[in-house]
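Structure provided below as structure tokens; questions to follow.
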Amino acid sequence: MRRKKLRIVLLGLLCLFLTSCSNEYARLEYENEEKIAQDADHYSKERSVSRSMEGEFTLTVSKFDGRETLWKETWKEDQEIEIGISLHISKGQVKIVHIDPEDNVATLLECTPETAADEFRTEKLIFKSGQNRLKIVGYDCEDVELKILFNEPE
């Protein structure tokens, strides 16, 4: 009987320890381009709402850790597209990255609460032929508000 109780207590402590350190993977992988470039996403989030309409993507999340694909497109030939990004968080660190067909990772915008990009930052990007992706990568993020505007070529 005592062994069973001890096992239950130890299992409970293990669960508590794992939940308190659950975002450590996100912190460790934040600068790891090999992990970021993977097709698989690895994230946890709370109270998330996203909307994708022609030429616009929005995401609001109360808490976010990890990396998640926001947009994916395969082009037959290189495309130059103008993209506008607005990004705000109240806590943590977050970035929006572009991953090209060769799995090269380029940071488009990175922010903390002190460096939030409430105004749209616009730039022209070259999307190479093949699969291109945009991902959000972050850790300890709270109150994420993201908006991406782009005109896809016809």
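Which log10 I(q)/I(0) values, to two decimals, does the range 71-111 give at q = 0.26 Å⁻¹ under the Debye formula with one point per Cα?
Scattering profile of the range 71-111, log10 relative to I(0): -1.08.
Tell me, what is the per residue accessible area of the range 69-154 in Å², probe radius 1.4 Å?
Roughly 51 Å² per residue, with all protein chains present.
Still on this structure, I have one more. Using label points projected 7 Å from each Cα along Cα→Cβ, tell me how many nm separate Thr112 and Ala40, to one decimal.
About 3.1 nm, to one decimal.
What do you get for Rg/Rh of the range 38-82 when both radii come from the Cα atoms and Rh is the Kirkwood radius?
Details: Rg = 13.3 Å, Rh = 12.8 Å.
Rounded to two decimals, Rg over Rh is 1.04.
Continuing with the same structure: Which value results when the Cα radius of gyration for the range 81-154 is divided by 2.2 N^0.38 Å?
Dividing the Cα Rg of the range 81-154 by 2.2 N^0.38 Å gives 1.13.
Quick check: pseudo-label points 7 Å beyond the Cα along Cα→Cβ at Glu102 and Arg51, how many nm apart are they?
Distance between label points: 3.9 nm.
The values are calculated or read from the model by the stated rules, or taken from the named source; none is laboratory data. The shown structure was predicted, so the numbers you read here are calculated from the model rather than taken from an experiment. Here Cβ is always computed from backbone atoms with ideal geometry, including for glycine, and neighbour counts include all displayed protein chains. Each accessible area value is taken on the protein alone, full model and side chains, heavy atoms only, with ligands, DNA and RNA left out. Shrake-Rupley method; radii C 1.70, N 1.55, O 1.52, S 1.80 Å.
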